[in-house]
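Contents: one structure, followed by commentary.
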Amino acid sequence: MKVAAKINSFLFQQASLTTRFAVHSLICIGIMTVALWFLVSNYLINGILRREWETTAQFVRTEVREFLTAEDFTTKDRKPVGPKFAALLRHITLMPDILRFNVYNPQGVAIWAAVDKKLVGRSFADNDKLQEAIQGKVVANMSFLSQKENVSERDSSKKVVEVFIPIYSEVTRELLGVMEIHKRADSIDRDIREARIVVLLGALCGGLLLYLSLFAIVRQAARKIKEQEENLLKVQSDLVASQRMAAVGEIAAAVAHGIGNPLSSIRAAAQVAKLDFDECEGPDLQQKTLTTLDEIIQQVDRVQKRMRGLLNFAKPMEPRQTPVEINSLLSDIVDVLRPRFAEAGVSLQLDLEKSLPKAQLDANHVEQIFMGLITNALEATPKGGRVTIRTHTLTGNGSATNVHICIEDTGEGIPVDSRERVFDPFFTTKPDGTGIGLPLAKKFVERNGGKIIVSDGISGGAKFDVVFPVGRSN
Ligand SMILES: Nc1ncnc2c1ncn2[C@@H]1O[C@H](COP(=O)(O)OP(=O)(O)OP(=O)(O)O)[C@@H](O)[C@H]1O
Ligand SMILES: [Mg+2]
């Protein structure tokens, strides 16, 4: 349920991610498109205008050269030159867009005006555009002439450009004057508008294409992620199912293992009873039979206890730790296994440190660990061999920190290549083995904060070292 809820919220986030991306990228690409439109159209329009003013200047200068001389600009007596300027005006206004012109001397004083003759003689030195033209630049000033006085009725509503063109002497290259050409701006305006529209369309198409392709990629990615999530959900549920199956198998094997050893002991006790029955009679037999029956009852109790322990083990359970005397626990296990040792002809050597401290452990776990390890050692050792059990204290900083238990045998040993696998569940080399003894032992050791290591014994057999922390009990 939790996983499904998590995935649902993830899918929701996924959907909102696509929407968020759609909105954010729309805003970004929108801003980019407008900026691009503004920059490119301005660049284009500036280019168009520059060319337009240069062409006008070139045309006007050619016409001036045709109609006027340098003296016509410089002479003090303006009356005789008036008709020449008027003739130039008539000629120049044949050009469709040119309306009229005024002429200024290099000091900014009007020396000829097409419409308002009162302007002649007035200084316009404070006009910025005129000043720039006097400095040698062709300058344009876009404005509505309707706002100005010197405009005829027919042009009052038209958009007009003033173009200031410096005129130079052909011989001396000195400035003769500045011509202020009034030009109709309709066609330029149209060109500018067209350029703006073309650039806007281009930028819009580019932006739209970019947006759509990005959106398609993100949507595809979101769909892929969703698909993968769904797959993951399926794999997860499969995994949970297979883990459950494995856990069931593990418990079954553990139960079989847990009752196998005590059952062997019960069988051995029954066999002893049978032998006693053959050999003894009277009160002697009665006493021996009673002892054997007690042992059998003890083993049955052990089976029951183990069954309970193993079933508990299936649940995720924390060890119930109490101070455990490992030496006496080992002695108890050895007592139980002694008949089997005798039967197998294997000797047992106990080398237990007397002052071994108690360790904070789950006694049931510890019993199962060593029952498994000692049984393995017994089963691996041929007749005449020996199993040694040692314990001693490991100290650190002057105090007991760990207890070390070593089970060593003189059996066939464990080949290096299968040494890693002996702790894998169900790994066994025995016809009736479950292969759960060592994995279970490892699990119990680790749950109690310990470590288990397998290595070669001195005489070629196997050696299992178990180290437990002493814990708080001491
Ligand atoms: N002391 C040992 N000497 C040699 N081989 C060992 C020793 N202890 C364990 N093994 C190997 O490790 C394998 C796994 O041991 P484990 O105790 O997990 O299962 P098992 O003994 O085969 O089965 P079960 O414990 O159910 O009787 C054994 O089959 C054996 O091959
Ligand atoms: Mg075993």
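Please treat every number below as a calculation from the coordinates, not as lab data. Owing to the predicted nature of the structure, the values given are computational and were not obtained by experimental measurement. Because the Cβ atoms are built from the backbone with ideal geometry, glycine has one as well, and the counts that use them run over all protein chains shown.
Strictly greater than 19 Å: what percent of every Cα pair in the stretch 370-420 meets that?
Details: 548 of 1275 pairs.
Considering the stretch 370-420, 43 percent of its Cα-Cα pairs are separated by more than 19 Å.
With the gyration tensor restricted to C-alpha atoms of the stretch 334-395, the semi-axes of the equivalent ellipsoid amount to 24, 14, 9 Å, longest first. Label-to-label distance for Val115 and Gln349 is 13.0 nm, based on points extended 7 Å past Cα in the beta-carbon direction. Each peptide in 344-355, 368-379 receives the mean, over its residues, of other Cβ atoms within 10 Å, and ordering these scores from highest gives 368-379, 344-355. Taking the convex hull of the alpha carbon positions in the chain and averaging its projected area over all directions gives 46.9 nm². Each stretch of four or more DSSP H residues adds -39500 (n - 2.57); spread over every residue of the chain, this sum gives -20000 deg cm²/dmol at 222 nm.
This ranking places Ser331, Ser399 by how few other beta-carbon atoms lie within 10 Å of each, fewest first, which gives Ser399, Ser331. Treating each Cα of the stretch 23-90 as one equal point scatterer and applying the Debye formula with no solvent, the log10 of I(q)/I(0) at q = 0.23, 0.27 Å⁻¹ comes out as -0.95, -1.09.
Look at the Cα gyration tensor of the stretch 27-144: its axes a ≥ b ≥ c give a/c of at least 1.5 with a/b over b/c, and that counts as prolate. Electrostatic tally near Glu408: other residues with Cβ closer than 14 Å to its Cβ, Lys and Arg +1, Asp and Glu -1, net -2. Residue exposure proxy: Glu162, Glu412, Glu63, ordered by other Cβ atoms within 10 angstrom of their Cβ from fewest to most, comes out as Glu412, Glu63, Glu162. In this label model, Val454 and Arg51 are separated by 8.9 nm, measuring between points 7 Å along each Cα→Cβ vector.
In plain terms, if you count all Cα to Cα distances in the stretch 161-300 and split them into 10 Å steps from zero, the share in each step is 9, 12, 9, 9, 8, 7, 7, 6, 6, 5, 5, 5, 4, 4, 3, 1 percent.
Using only the Cα atoms of the stretch 64-123, build the gyration tensor, take square roots of its eigenvalues as a ≥ b ≥ c, and label the shape rounded, prolate or oblate: rounded if a/c is under 1.5, else prolate if a/b is larger than b/c, else oblate.
Because a/c hits 1.5 or more and a/b fails to exceed b/c, the stretch 64-123 counts as oblate.
Between Thr291 and Glu230, the FRET efficiency estimated from the beta carbon spacing at R0 = 51 angstrom works out to 0.15. Over the C-alpha trace of the stretch 318-469, radius of gyration and Dmax come out as 14.9, 48 angstrom.
Averaging the sequence gap over all C-alpha pairs within less than 8 Å and six or more residues apart, then dividing by the number of residues, gives the stretch 318-469 a relative contact order of 24 percent. Do the alpha carbons of any pairs in Lys84/Lys118; Lys118/Lys183; Lys430/Lys463; Lys288/Lys430; Lys383/Lys443; Lys383/Lys463 sit beyond 23 Å of each other, and which pairs? Over 23 Å Cα-Cα: Lys288/Lys430; Lys383/Lys443. Once the C-beta distance of Tyr43 and Leu214 is scaled by a Förster radius of 35 Å, the resulting FRET efficiency is 0.85 to the nearest 0.05. The ranking of Trp112, Trp37 by Cβ neighbour count inside 10 Å, starting from the fewest, reads Trp37, Trp112.
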